[in-house]
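Structure, as structure tokens:
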Amino acid sequence: MVHVRQLDPSASPLDYFGYEARRLREAAGMTLEQLGKVIYCTGSLIGQVETASKVPSRTFAEALDAAFMTDGFFSRLLKLVLRSQLPKWFQPYAEMEAKAAFISTYQCQVVYGLLQTPEYAAALVAVEHPDRVEELVAARMERQRILEKKQPPAVWVVLDEAVLLREVGGREVMRKQLARLVSFRDNPWVNIQVLPLASGVHAGMVGSFNLLRFDDDPDIYYSEGYDQAHMTANPDVIRERSVGYARLQADALSVEDSADLITRVMEERYGDRAEDVA
């Protein structure tokens, strides 16, 4: 007899997802293969999800909801599953980010997570977590769903020009990433400014940081290091960084000029005819 791993549904959101998937499948009298035929995947994949050895995708969760008529239960649970895959020190910020009414961010190294393409995110994640790329990218893409809400947060991004020039994942990945940034050009809720290298010394020299504003809660300042994060609602910090952010915006190109620069870099540096840049 094959030993079936028994899950503790209270151990984690992933264990709870697998436990419920197996419970409903067995209650319906279905084998892994039979359910696989219904939701168009392999029985092996279902077994991996049921034993919490694989993180389910949104498509998988939606297929379970349709198969068992669970009224979106698995889709809602998936949000918790994917958030639990984020580093523990980052999870509190992700929860606050999802509730924010206004997000301001300065990024000096990479594109802000809410605006990353899956390919760009995968290239970043693979550097430190090559064995967890799939689930970490899925978690990052789940964060981006806040931009699709009926009332999305207003997002203001200041990107250092170096972010456009640093090749992450190769030219094709960069071309797609910059094209995504340009796609926000006419989006009233997402504004992107580029801080030119020619600006010299500026108010963001200490590194990347975020400011979150809420309808009913105090503002939050957030920055992070290699394995930890700093998040505070200290009014003095908020005031100082808000002024610093305003200075960054003043030094940066306008939203329209920034979109033009991003387009030019995309075409000249990463376009099909672009010559390799050393």
Consider Tyr93 carefully, then state whether it is in the same structural domain as Asn191 (by TED's automatic domain parsing), in contact with a helix residue (DSSP H, G or I) (Cβ under 7 Å, 6 or more places away or on another chain), outside any loop (DSSP other than H, G, I, E, B) and not aliphatic (A, V, I, L, M). no
Candidate set from the stretch 183-215 (those that are touching a Cys at 6+ places or on another chain (Cβ under 9 Å) and part of a loop (DSSP other than H, G, I, E, B)); member that is modelled with the highest pLDDT: Ser208
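Give me a count of the residues in the stretch 147-171 that are in a helix (DSSP H, G or I) and in contact (Cβ under 8 Å) with a residue 40 or more places away in the chain.
First, pick out the residues of the stretch 147-171 that are in a helix (DSSP H, G or I): 147-148, 161-165, 171.
Retained after the next criterion (residues that are in contact (Cβ under 8 Å) with a residue 40 or more places away in the chain): 147, 161-165, 171.
Selection size over the stretch 147-171: 7.
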Evaluate the stretch 108-131: report whether one residue or more is among the β-branched types (Val, Ile, Thr), in the same structural domain as Trp189 (by TED's automatic domain parsing) and assigned to a helix (DSSP H, G or I). yes
Residue check, Lys99 against (1) touching a residue at least 40 places away in the same chain (Cβ under 8 Å); (2) in contact with a Phe, Trp or Tyr (Cβ under 7 Å, 6 or more places away or on another chain); (3) surrounded by 21 or more Cβ atoms within 10 Å (Cβ to Cβ); (4) more than 17 Å from Val157 (Cα to Cα), all met but one. Which one? (3)
In the stretch 118-139, which residues are modelled with pLDDT under 95 and among the charged types (D, E, K, R)? Glu128, Asp131, Arg132, Glu134, Glu135
If a residue has to be loosely packed, with under 15 Cβ neighbours inside 10 Å and of a type in the set (S, T, N, Q) to count, how many in the stretch 220-241 make the cut? 2
Across the stretch 71-84, which residue is farthest from Tyr221 (Cα to Cα) among those that are in contact (Cβ under 8 Å) with a residue 24 or more places away in the chain and either part of a loop (DSSP other than H, G, I, E, B) or touching a Leu at 6+ places or on another chain (Cβ under 6 Å) (or both)? Phe74
Part of a helix (DSSP H, G or I), in contact with a helix residue (DSSP H, G or I) (Cβ under 6 Å, 6 or more places away or on another chain), closer than 21 Å to Val190 by Cβ and free of Cβ contacts under 8 Å to residues at least 60 places away in the same chain, is that true of Ala63? no
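Out of Ser258, Ser183, which single residue is farther than 30 Å from Trp89 by Cα, surrounded by 16 or more Cβ atoms within 10 Å (Cβ to Cβ), in the same structural domain as Leu159 (by TED's automatic domain parsing) and not hydrophobic (A, V, I, L, M, F, W, C)?
Testing whether each residue is farther than 30 Å from Trp89 by Cα, surrounded by 16 or more Cβ atoms within 10 Å (Cβ to Cβ), in the same structural domain as Leu159 (by TED's automatic domain parsing) and not hydrophobic (A, V, I, L, M, F, W, C) leaves just Ser258.
Is the stretch 36-48 home to any residue that is over 21 Å from Glu134 (Cβ atoms) and in a helix (DSSP H, G or I)? Can you show your working first?
Here is the first cut: in the stretch 36-48, the residues over 21 Å from Glu134 (Cβ atoms) are 37-38.
Still in the running and in a helix (DSSP H, G or I): 37-38.
There is at least one residue in the stretch 36-48 that is over 21 Å from Glu134 (Cβ atoms) and in a helix (DSSP H, G or I).
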Out of Leu212, Leu178, Leu195, Leu159, which single residue is closer than 28 Å to Pro87 by Cβ, surrounded by 13 or more Cβ atoms within 10 Å (Cβ to Cβ) and over 17 Å from the mean Cα position of the chain (by Cα)? Leu195
Filter result for Arg239 (basic (Lys, Arg), in a helix (DSSP H, G or I), free of Cβ contacts under 8 Å to residues at least 24 places away in the same chain and more than 23 Å from Asp257 (Cβ to Cβ)): yes
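Quick check on the stretch 49-60: of everything there that is part of a helix (DSSP H, G or I) and either among the aliphatic types (A, V, I, L, M) or under 22 Å from the mean Cα position of the chain (by Cα) (or both), which residue is surrounded by the fewest Cβ atoms within 10 Å (Cβ to Cβ)? Steps first, please.
From the stretch 49-60, those part of a helix (DSSP H, G or I) are 49-50, 58-60; that's our starting set.
Subset that is either among the aliphatic types (A, V, I, L, M) or under 22 Å from the mean Cα position of the chain (by Cα) (or both): 49, 58-60.
Working: Val49: 22, Arg58: 16, Thr59: 11, Phe60: 22.
Within the stretch 49-60, the match that is surrounded by the fewest Cβ atoms within 10 Å (Cβ to Cβ) is Thr59.
The values are calculated or read from the model by the stated rules, or taken from the named source; none is laboratory data. Note that the structure is predicted; figures quoted are calculated from it, not measured. All Cβ positions, even for glycine, are placed from backbone atoms using ideal geometry, and neighbour counts span all protein chains on display.
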